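Have a look at the structure below before the remarks.
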Amino acid sequence: MKKADKISLFLLGLCTIGILSLLAGLYAHSPLANQKIYRGSFERKFVPDNTVSLNRVLNLGVNSYYISGLSNDTIYLSNYTVPQHLLRVDKALKDTQHIRIKITGLDSVVRPRQFRTQVEPPYFYMMHGIAPAILRGKVNHWEARRFMADSAYYTDAVPIDTTSFALRYYSKSQDSYELALETGEAPYFQPNYGILEKQGEGYFSVDGMLHFNKALQQVVYLYRYRNEFMVMDKRLNLLHRYHTLDTISRARIASKEIKSENSFTLTSPPAATQRFSTVSGNYLYINSGLLARNEEEEQFKKNVVIDVYELSNGEYKYSFYLPRYKGEGISGFKVFGNRLFAIHDQHLVAYTIESHDPIAFYRISIPCHRTL
């Protein structure tokens, strides 16, 4: 296949993901009073109200920041609109430092705003699926340069270690998004078909969030529109398929194929089962878009609900609320130990979680796993 054809196919896929991300973002930020709220047949187990407390707030001035990394004493924020800008914040949210990243080894970049940065001290990475390019640099030096073959176009990427990455990409042979491993040694690109299970079309139904859990050395993929997440080892070998609380096993998405353009389009807004997620320690944290059977609708509207799952066995542990800060939901969040950091529009908000141990809440875990 000619390179121009590959780029065209990839851009088509990227536009699809862009639409999905935009819809998810609009859904998360728009007032819940204007949204249709879906009530599920499941029940949540909420921890006491004082378990999660707001500590501090930092006004970022704009709403284009996202959390790109955490360390013992530092939060790193990158910017969607200015990818070479990075904001370093101490965990007390008092001291800030603005950093400009220097990019070397790239003559020009198509759509520079497609860069996504991830900081994993002592390195940081800048990833651009259209170029395609994966850049690496040293924290405190802040110069990023190409260091891998970068032979594959991709729509999402996370570093596994300093020379290997988990990718989500469009496979023409499968007509679907698939996962792959890219490494610094031959074979550089290793696709792993079948982990993402499409339902009809292979775009919207397999859309989701890709994570790497450093504590467990595992890759996690969570579907956005259905109740399943997969846990893999560092080589992307599937270990488990687990289910979330809700019973939506098929993505509630109405799409239509446009044969003349060899593409699919949404015919109705999708119901985002899982809005945002993160991994930390042995846990997966999910901001759910569904109302539980035992929840008050008014409480759901005023707060952001977080469901917690144990990655080692897929058990649902408990749920808690984050208040909508100044009426705003979240556009992303990260957990480090007993601290949770969330972006509420243009504010970075720091929370403390008093305990991760569900026994302290006198609850019984519910197994949500599927044996392979």
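The values are calculated or read from the model by the stated rules, or taken from the named source; none is laboratory data. Since the structure is predicted, the reported quantities are computational estimates derived from the model, not experimental observations. For neighbour counting, all protein chains shown are included, and Cβ atoms are generated from backbone atoms with ideal geometry for every residue, glycine included.
For (1) closer than 20 Å to Ser164 by Cβ; (2) among the polar types (S, T, N, Q); (3) surrounded by fewer than 17 Cβ atoms within 10 Å (Cβ to Cβ); (4) free of Cβ contacts under 8 Å to residues at least 24 places away in the same chain, each residue gets a yes or a no:
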{"residue": "Gly200", "(1), (2), (3), (4)": "no, no, yes, no"}
{"residue": "Val206", "(1), (2), (3), (4)": "no, no, no, no"}
{"residue": "Leu210", "(1), (2), (3), (4)": "yes, no, no, no"}
{"residue": "Asn213", "(1), (2), (3), (4)": "yes, yes, no, no"}
{"residue": "Leu222", "(1), (2), (3), (4)": "no, no, no, no"}
{"residue": "His240", "(1), (2), (3), (4)": "no, no, no, no"}
Answer yes or no as to whether Arg116 is closer than 23 Å to Asn213 by Cα, surrounded by 18 or more Cβ atoms within 10 Å (Cβ to Cβ) and over 20 Å from the mean Cα position of the chain (by Cα). no
Sort out which residues of the range 42-81 are in a strand (DSSP E or B) and more than 18 Å from Glu328 (Cα to Cα), and write them in order of number. Phe46, Ser68, Gly69, Leu70, Thr74, Ile75, Tyr76, Leu77, Ser78, Asn79
When you look at Val206, is it among the hydrophobic types (A, V, I, L, M, F, W, C), under 25 Å from Val279 (Cα atoms) and modelled with pLDDT under 95, yes or no? yes
Out of Gly314, Gly332, report the one residue that is buried (at least 21 other Cβ atoms within 10 Å of the Cβ), of a type outside the set (Asp, Glu), on the phi > 0 side of the Ramachandran plot and at pLDDT 95 or above. Gly314
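So that you can scan it fast, the table gives a plain yes or no per residue for (1) of a type outside the set (Gly, Ala, Ser); (2) touching a residue at least 40 places away in the same chain (Cβ under 8 Å):
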site: Leu135; (1), (2): yes, no
site: Asp150; (1), (2): yes, no
site: Ala157; (1), (2): no, yes
site: Ile160; (1), (2): yes, yes
site: Lys172; (1), (2): yes, yes
Here is a list of conditions, (1) in contact with a Leu (Cβ under 6 Å, 6 or more places away or on another chain); (2) closer than 21 Å to Lys91 by Cα; (3) crowded, with 21+ Cβ neighbours inside 10 Å, and Val304 meets all of them except one; can you say which number that is? (2)
Scan the range 137-147 residue by residue and report those that are buried (at least 18 other Cβ atoms within 10 Å of the Cβ) and either touching a residue at least 60 places away in the same chain (Cβ under 8 Å) or in contact with a Gly (Cβ under 6 Å, 6 or more places away or on another chain) (or both). Ala144
Count of residues meeting criterion [part of a loop (DSSP other than H, G, I, E, B), in contact (Cβ under 8 Å) with a residue 40 or more places away in the chain and not aliphatic (A, V, I, L, M)] in the range 82-132: 5
Just to check your reading of the model, which residue among Tyr188, Tyr154 is of a type in the set (Ser, Thr, Tyr) and within 21 Å of the chain's Cα centre (by Cα)? Tyr154
Name every residue in the range 191-250 that is of a type in the set (Ser, Thr, Tyr) and touching a Phe, Trp or Tyr at 6+ places or on another chain (Cβ under 6 Å), in order of residue number. Tyr203, Tyr242
Filtering the range 317-329 down to residues that are part of a strand (DSSP E or B) and buried (at least 17 other Cβ atoms within 10 Å of the Cβ) yields Lys317, Tyr318, Ser319, Phe320, Tyr321, Leu322, Tyr325, Glu328
Condition first: crowded, with 21+ Cβ neighbours inside 10 Å and among the polar types (S, T, N, Q). Now tell me which residues in the range 284-301 satisfy that. Asn287, Ser288
Residue that is farther than 14 Å from Ser151 by Cα, surrounded by 18 or more Cβ atoms within 10 Å (Cβ to Cβ) and either in contact with a His (Cβ under 9 Å, 6 or more places away or on another chain) or among the hydrophobic types (A, V, I, L, M, F, W, C) (or both), where the choices are Leu196, Leu181: Leu196
